[in-house]
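The values are calculated or read from the model by the stated rules, or taken from the named source; none is laboratory data. Small disclaimer: the values here were computed from a predicted structure and weren't measured. As a convention, Cβ positions derive from the backbone with ideal geometry for all residues, glycine included, and neighbour counts pool all protein chains shown.
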Amino acid sequence: MNHATWPARVILIVISAVIVWTVIAAQRGKKLFIRRIPGLTAIEEAVGRAVEMGRGILLSSGLGGIDVVTLQALAICTNIASAAARYGTKVQMPIYEAALLPIAEDAISSAYNKAGRGDAFSSDDVRYLSNQQFAYAAGVAGMIQREQYAATFLFGTFFAESLIMAENANMVGAIQVAGTPSTTQIPFFIASCDYVIIGDEYYAATAYLTRQPTLLGSMIGQDRVKIGILFVVVLGFLLTLGKLPLVKNLFEDKDMPAASYFSPAKGGK
Amino acid sequence: MFQTQHGAALYTHLAGAAVVSVILFFALTLVPTKLRRPLIMGVTFAAGLFYALEFFWPVSGPEGDQKNFLTAYIKPFSDITTVLQSFALGLGVYSLVSIHMRKVARSQSGWAYSLVLILSMIVMVIAHIGKEYIKSPWIQQLNEFAYSGLMKSLDATMFSIIAFYIVSAAYRAFRIRSTEATILLVSAAIIMLGQVAIGQAITNGIPNEGLTANFRVENLANWILKKVNSPAIMAIDFGLGVGGLATALRLWLSLERGSYFEEEL
């Protein structure tokens, strides 16, 4: 079982405090700027294209269970569903994890209600397929071929099945936007999709789409933390050059006596 | 309380758990709408706090087996999560069966496939559960046929299709349309050549020592993988880690709910 070391406790608490503080500041009305992110702008373009073509939209939240990554994917999908519902475009969402089904159904139905089109929502559109990786992939591929979607959105945790889904969508001429924290799948999405959301853009998506103060604050908080960590990386580099590996010692897996953190490196490596 | 039970004690615990679950379920349905949000926020916070405290609380004991007063409860709490998730499996099966039964009943397009799916589900359930309780060889054979003979083979077939999709996706990605696509093509070509003997043979004449060794294709491929690809992946992971932490904090403190479930808090 992993447990925090003293430096990890301090660092995590400081990082969390910075993020929560920025969220609270944003909720209190502080104006925050967010730059244009091409991959996220493409979401609106893809929804628009589906509306023009009069064909449906496929949303997939990947193979994750109820975790942070999948809930973020669901948040993005809900925003897309809301935009699609506003224009009367059908949205379908196959589910991999049964436990996610009621949450996804509730979220997508709320998105329809928010768009004033609650009557257009059908519970069949959010459907459980399978919790077997390739059975799910085959099911999604079948849906893509039958429904001939105009746009597909693949957000969440993906593994080898990513290419099966993306290539089938490409075959039917769907515009594709994908985003995943699974770094091993990013190259496959880049090769097969029109737009890919990379890295922390994945967590910025909801802030970008909704411009809600809470989410914008969280995003700015993340940026501040990253700037801070970057500063620590540079400091660590300089200190290690001076044979004082303080920063390296802070990230050791076990606690050390306080004086050891400042002890000079042995061997000069 | 969380010890493994056997015999009569097991059935007593199961009955007790079922009664408590039913009472809890009805109690939750009686909660006034106004109180539901604070209740969910409270439960979410308490559940998150348990794992946070267990991680942050100072530990003691021999190295490799360090514990604090909460560590012993990690497994039972994980089991509770598993039990809650398994309840949802019924919902998933209901969703799947109802959609396909309706399709069959209304003879909609592709109804035969829906029928195959329902029949397959029934056969698989009978075979998989039956093999545990029925010692007859036919049920074992049915399970072997359905699981190893069909399902595993179908899984392997889907997996092998990826090889063809990789080729078609790579063809589109590697077409020289922009500077980025050209860089992608050149790096991919170097890495592919660096991984195979025939590629390595191209630069075999270059000495593997001194400055010239850098121009051998396998060394170039290695350099791209270790000095360009790995730091880029680490940078992506770094951003994702911070993003994940921020999202987890929003969920834990119920700041996130406004983004998709309800209006902004």
Qualifying helices (runs of 4 or more DSSP H) (wholly inside the range A:1-103; at least 3 residues being over 30 Å from A:K248 (Cα atoms), more than 12 Å from chain B (Cβ to nearest Cβ) and out of contact with any Pro (no Cβ under 9 Å at 6 or more places or on another chain)): A:38-53, A:68-86
Failed criterion for A:L129 (all others in (1) touching a Phe, Trp or Tyr at 6+ places or on another chain (Cβ under 8 Å); (2) more than 11 Å from chain B (Cβ to nearest Cβ); (3) touching a residue at least 24 places away in the same chain (Cβ under 8 Å) hold): (2)
Identify the single condition in (1) within 25 Å of B:I233 (Cα to Cα); (2) within 14 Å of chain B (Cβ to nearest Cβ); (3) over 25 Å from the mean Cα position of the chain (by Cα); (4) modelled with pLDDT under 90 that A:D255 does not satisfy, given that it satisfies every other one. (1)
Hey, can you tell me all the residues within the range A:47-71 that are out of contact with any Gly (no Cβ under 8 Å at 6 or more places or on another chain) and under 13 Å from A:V91 (Cβ atoms)? A:V47, A:R55, A:G56, A:I57, A:L58, A:L59
Being within 24 Å of A:Q145 (Cβ to Cβ), within 11 Å of chain A (Cβ to nearest Cβ) and aliphatic (A, V, I, L, M) is the filter here; which residues of the range B:55-109 pass it? B:L96, B:V97, B:I99
Go through A:L230, A:L216, A:L238, A:L154 for me and flag whichever is in a helix (DSSP H, G or I) and crowded, with 21+ Cβ neighbours inside 10 Å. A:L216
Can you find, within the range A:162-186, the residue that is nearest to the other protein chains (Cβ to nearest Cβ) among those that are crowded, with 23+ Cβ neighbours inside 10 Å and assigned to a loop (DSSP other than H, G, I, E, B)? A:P181
Would you call A:G221 closer than 18 Å to B:D237 by Cα, touching a strand residue (DSSP E or B) at 6+ places or on another chain (Cβ under 6 Å) and not in a loop (DSSP other than H, G, I, E, B)? no
Just to be sure I understand, how many residues within the range A:1-26 are among the charged types (D, E, K, R) and under 16 Å from B:G48 (Cβ atoms)? 0
Kindly check whether there is at least one residue in the range B:153-163 that is more than 30 Å from B:A188 (Cβ to Cβ) and either within 14 Å of chain A (Cβ to nearest Cβ) or modelled with pLDDT under 90 (or both). yes
Candidate set: the range A:190-202, residues that are part of a helix (DSSP H, G or I) and over 14 Å from the mean Cα position of the chain (by Cα); chosen: the one farthest from the other protein chains (Cβ to nearest Cβ): A:I190
When you go through B:V83, B:V93 one by one, which is the residue that is at pLDDT below 90 and loosely packed, with under 13 Cβ neighbours inside 10 Å? B:V83
Filtering the range B:21-72 down to residues that are of a type in the set (D, E, K, R) and assigned to a helix (DSSP H, G or I), which residue is farthest from A:V10 (Cα to Cα)? B:K34
I'd like the full set of residues that are more than 10 Å from every other protein chain (Cβ to nearest Cβ) and closer than 30 Å to A:S162 by Cβ, limited to the range B:126-151. B:H128, B:A146, B:Y147, B:S148, B:G149, B:L150
Go through the range A:222-245 and report how many residues are under 27 Å from A:V23 (Cα atoms) and in contact with a Leu (Cβ under 9 Å, 6 or more places away or on another chain). 3
Limited to the range A:104-116, what total is found for residues that are more than 9 Å from every other protein chain (Cβ to nearest Cβ) and surrounded by fewer than 18 Cβ atoms within 10 Å (Cβ to Cβ)? 2
Any residue that is in contact with a helix residue (DSSP H, G or I) (Cβ under 6 Å, 6 or more places away or on another chain), among the β-branched types (V, I, T) and in contact (Cβ under 8 Å) with a residue 60 or more places away in the chain - is there at least one of those in the range A:220-239? yes
Can you spot a residue in the range B:170-186 that is hydroxyl-bearing (S, T, Y) and at pLDDT 90 or above? no
Which condition number in (1) more than 23 Å from B:L184 (Cα to Cα); (2) away from chain B (no Cβ under 13 Å) is the one that A:V225 fails? (2)
Sole miss for B:T203 among (1) surrounded by 13 or more Cβ atoms within 10 Å (Cβ to Cβ); (2) away from every other protein chain (no Cβ under 14 Å); (3) of a type in the set (V, I, T); (4) closer than 28 Å to A:L163 by Cβ is condition (4)
Within the bounds of the range A:133-145, is there any residue that is over 30 Å from B:S160 (Cα atoms), more than 7 Å from every other protein chain (Cβ to nearest Cβ) and either among the β-branched types (V, I, T) or in contact with a Lys or Arg (Cβ under 8 Å, 6 or more places away or on another chain) (or both)? no
Which residues, taken from the range A:187-213, are of a type in the set (S, T, Y), surrounded by fewer than 24 Cβ atoms within 10 Å (Cβ to Cβ) and modelled with pLDDT of 90 or more? A:Y195
